[in-house]
There are 2 protein chains.
Amino acid sequence: MFKLFYAPRTCALASHIVLEEVATPYEAVRVDFSKNAQREPEYLAINPKGRVPALLTERGVLTETPAILLFLAQRFPAAQLAPLADDFALAQLNAFNSYLCATVHVARAHGRRGARWADDPLAIEAMKRKVPANMAECFALIERHMFVGPWVMGGRYSVADAYLFTVSGWLEGDGVDLGKLPKTQAHMKRMSERPAVQRALAQENAAP
Amino acid sequence: MFKLFYAPRTCALASHIVLEEVATPYEAVRVDFSKNAQREPEYLAINPKGRVPALLTERGVLTETPAILLFLAQRFPAAQLAPLADDFALAQLNAFNSYLCATVHVARAHGRRGARWADDPLAIEAMKRKVPANMAECFALIERHMFVGPWVMGGRYSVADAYLFTVSGWLEGDGVDLGKLPKTQAHMKRMSERPAVQRALAQENAAP
């Protein structure tokens, strides 16, 4: 049985949703970020990066959201969460996930984790100030050039939808005007109607 | 025939090497970063992100190094550049590539592209100062927990090797002491002996 190590309101939600979508038994293990548990030896033995998500499988631990999402799509092909038989379409999906991971999530992290990239408190404040504009720019690009609709990749729901929904959920807190992102808003609504999404959110929002 | 849009000394080298490894005909198109050509309408029509690499295929453009590398490995299975039949091993490879893309390359970008994340010139200087320590930390983690040897994933060469070699090539310029990274050094040497690597580098280093 898989074990997903997660913390609420992090990118681990994407993997959590996909585990619900594929309907495999799994255990969700909360890592208490308020106690910095992700930096404790016990967790570092699972994921030396000290981050979530980490997915414990029968063969070992996997990390990095794009890798976990593709793994789950491949392991559970009946769920049809990725165009596994079409190398180009699959690459487009992987490119979308990579953009969320390496550009959008990174842009957002400068609002909360600036100390990763500078020690000067004023620099960390300067990074925070740029987050709303950067996130708005990323999502404008997504709406203009990447999002096909009604799902990310077009007519078929995929793991990219779980990931986009996860990152979209941060926008309001990051000071981005959702009114300017109609496709994103409609996608968030569509996602929140899926039972798998509701189950994952209910688990994450339950008292620890 | 594929067209690879690249600039020298960027992460596009990884895709360039893999195109040489799979021995398919392709055209390498240099994007002149010194003239900011990646921001000109002509290039933005190819890749609206204004970045390299972009791989033009018979079905359209692909971006994001991890996606391009997996696409090439899948399109040319005879080259055996990824464990395509093993979902867990493939996920480990994708996780490695994702780490290079979203953490290591990002750590490095703060030395040259700090304006992405802050407007204050002092903040940008503060980011630069942290690059050597961050890159050293990333590579220490890679050597301790990810790199199997003699290749990234173990006995078999893969697209992850082309990517690691590309990022390793930045370390000296980023002020990282290579003497403390013996596995990385040995890997760089092993890579530089491969004819495909030599051909890609020769093309990129040739006068424009």
Scanning the stretch B:41-61 for residues that are within 23 Å of B:His105 (Cβ to Cβ) and away from chain A (no Cβ under 14 Å) gives none
Across (1) more than 10 Å from chain A (Cβ to nearest Cβ); (2) open to solvent by less than 60 Å² (accessible area, probe 1.4 Å); (3) in contact with a helix residue (DSSP H, G or I) (Cβ under 6 Å, 6 or more places away or on another chain), B:Gly114 clears everything bar (1)
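Looking at A:Arg156, is it open to solvent by 50 Å² or more (accessible area, probe 1.4 Å), closer than 23 Å to A:Leu19 by Cβ and not hydroxyl-bearing (Ser, Thr, Tyr)?
Numbers: open to solvent by 50 Å² or more (accessible area, probe 1.4 Å): yes; closer than 23 Å to A:Leu19 by Cβ: yes; not hydroxyl-bearing (Ser, Thr, Tyr): yes.
Answer is yes for this residue.
If you scan the stretch A:62-80, which residues turn out to be over 28 Å from B:Arg51 (Cα atoms) and more than 8 Å from every other protein chain (Cβ to nearest Cβ)? Talk me through it step by step, then tell me what you get.
Within the stretch A:62-80, the subset over 28 Å from B:Arg51 (Cα atoms) is A:62, A:72-80.
If the condition is that a residue be over 28 Å from B:Arg51 (Cα atoms) and more than 8 Å from every other protein chain (Cβ to nearest Cβ), then A:Leu72, A:Ala73, A:Phe76, A:Pro77, A:Ala78, A:Ala79, A:Gln80 are the ones that fit.
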Within the stretch A:138-153, the residues that are open to solvent by 50 Å² or more (accessible area, probe 1.4 Å) and under 20 Å from A:Thr103 (Cα atoms) are A:Arg144, A:His145, A:Val148, A:Met153
Has the stretch A:124-132 got at least one residue that is under 15 Å from the mean Cα position of the chain (by Cα) and touching a residue at least 12 places away in the same chain (Cβ under 8 Å)? no
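How many of the residues making up the stretch B:59-77 are free of Cβ contacts under 8 Å to residues at least 12 places away in the same chain and either out of contact with any Ser or Thr (no Cβ under 6 Å at 6 or more places or on another chain) or farther than 22 Å from A:Cys11 by Cα (or both)? I'd like the intermediate steps shown before the answer.
Narrowing the stretch B:59-77 to residues free of Cβ contacts under 8 Å to residues at least 12 places away in the same chain: B:59-60, B:62, B:67, B:74, B:77.
Among the residues that remain, those that are also either out of contact with any Ser or Thr (no Cβ under 6 Å at 6 or more places or on another chain) or farther than 22 Å from A:Cys11 by Cα (or both) are: B:59-60, B:62, B:74, B:77.
Residues in the stretch B:59-77 being free of Cβ contacts under 8 Å to residues at least 12 places away in the same chain and either out of contact with any Ser or Thr (no Cβ under 6 Å at 6 or more places or on another chain) or farther than 22 Å from A:Cys11 by Cα (or both): 5 in total.
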If you go through B:Val131, B:Val104, the only one that is more than 8 Å from chain A (Cβ to nearest Cβ), open to solvent by less than 20 Å² (accessible area, probe 1.4 Å) and over 22 Å from A:Leu100 (Cβ atoms) is B:Val131
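The rows are residues; the columns are (1) away from every other protein chain (no Cβ under 14 Å); (2) of a type in the set (Asp, Glu); (3) more than 29 Å from A:Arg129 (Cα to Cα).
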residue	(1), (2), (3)
B:Pro121	no, no, no
B:Phe139	no, no, yes
B:Glu143	no, yes, yes
B:Met153	no, no, yes
B:Tyr163	no, no, yes
B:Asp177	yes, yes, yes
B:Met188	yes, no, yes
B:Pro195	yes, no, yes
B:Ala202	yes, no, yes
The lone condition A:Ala162 fails out of (1) open to solvent by 50 Å² or more (accessible area, probe 1.4 Å); (2) touching a residue at least 60 places away in the same chain (Cβ under 8 Å); (3) in contact with a helix residue (DSSP H, G or I) (Cβ under 8 Å, 6 or more places away or on another chain) is (1)
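Can you report the number of residues in the stretch B:92-130 which are closer than 21 Å to B:Cys11 by Cα and assigned to a helix (DSSP H, G or I)?
Within the stretch B:92-130, the subset closer than 21 Å to B:Cys11 by Cα is B:92-117, B:127-128, B:130.
Going one step further and asking which of them are assigned to a helix (DSSP H, G or I), we end up with B:92-109, B:114-116, B:127-128, B:130.
Selection size over the stretch B:92-130: 24.
The values are calculated or read from the model by the stated rules, or taken from the named source; none is laboratory data. The structure presented is a predicted model; accordingly, all values stated were derived computationally and were not measured. Quick reminder, even Gly has a Cβ in these numbers, built from the backbone with ideal geometry, and neighbours come from all protein chains shown. SASA here: full protein model, heavy atoms, side chains in, ligands and nucleic acids out. Shrake-Rupley method; radii C 1.70, N 1.55, O 1.52, S 1.80 Å.
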